[in-house]
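Undergrad: Encoded as structure tokens, here's the structure I'll be asking about.
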Amino acid sequence: MNNKSDTESWLKPSEALNRVSLPADWGDETGGTAEWEERRYGFNVGSVNLLIGRGTPSEIPERADVYPLPGVPAWFHGLLNLRGNLVPVFDVARLLAHRGEVVGRERVLILDRGEAAAGILIEGFPRAVGRLRALPQRPPLPRVLQEFAPDAFADGEGVWLELDHQRFFRSLAARFAN
């Protein structure tokens, strides 16, 4: 009779992981050893495709009740209470003059955490973007984005702009203060 409990006979997690040996072609459809490729996600604001910055935490809250404020510019959509933190939410499509009224079925994409967190109204969900190749020259950009989208990429489906969201949101906050 074995006096050890079931949990005492289990392997330590590190031992269990080291027991597994993966085939050389695991994770690669071509049969060779795959190099890790960074997955990027992008979203659309009007007709502009923007990339979520590398290493930027982001989320779409399931329930996003945005509370409007009186006397603010139309592109400042309001404030969202995200787990006890007030997060400003911007209607960047309206700022870019890509629409007049809020369309509906929009989601709030929160970029960053804590004091740096800000939201953008987007239609749908962010999506994985295919293999990106850097463009040698940026396409013409809306004036409001010119200094905040330093790099442009193409993926076969369109042009994607790398948004420096922290500088962009600071600029909007300064505009708001004025």
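Throughout, read-outs are computed from the coordinates displayed, never taken from laboratory work. Owing to the predicted nature of the structure, the values given are computational and were not obtained by experimental measurement. FYI the Cβ positions are ideal-geometry reconstructions off the backbone, even for glycines, and counts take in every protein chain you see.
Undergrad: Compute the FRET efficiency between V159 and L69 as 1/(1 + (r/R0)^6), taking r as their Cβ-Cβ distance and R0 = 22 Å, and round to the nearest 0.05. Each step should come with its number before you reach the end.
TA: Values: r = 34 Å, r/R0 = 1.54.
Here the calculated transfer efficiency is 0.05.
Undergrad: In square nanometres, what is the average projected area of the Cα convex hull of segment 43-177? Numbers along the way, then the final one.
TA: Details: hull surface 33.5 nm².
Reported value for the Cα convex hull: 8.4 nm².
Undergrad: Just want the ordering: S47, S171, from fewest to most Cβ atoms lying within 10 Å of their own Cβ. If you can, show how the numbers build up before the last one.
TA: Numbers: S47 10, S171 14.
Taking fewest neighbouring Cβ atoms as first place, the list is S47, S171.
Undergrad: If the chain between E59 and L86 were fully stretched, how many nm would it gain, using 0.36 nm times the residue separation less the Cα-Cα distance?
TA: Working: separation 27, 0.36 × 27 = 9.72 nm, distance 1.49 nm.
So the extension gain works out to 8.2 nm.
Undergrad: Rounded to the nearest 20 Debye, what is the dipole magnitude of segment 43-177 about its Cα centre when Lys and Arg each give +1 and Asp and Glu each give -1 at the C-beta?
TA: Values: 16 positive and 15 negative charges, 26 e Å.
So the dipole magnitude of segment 43-177 works out to roughly 120 debye.
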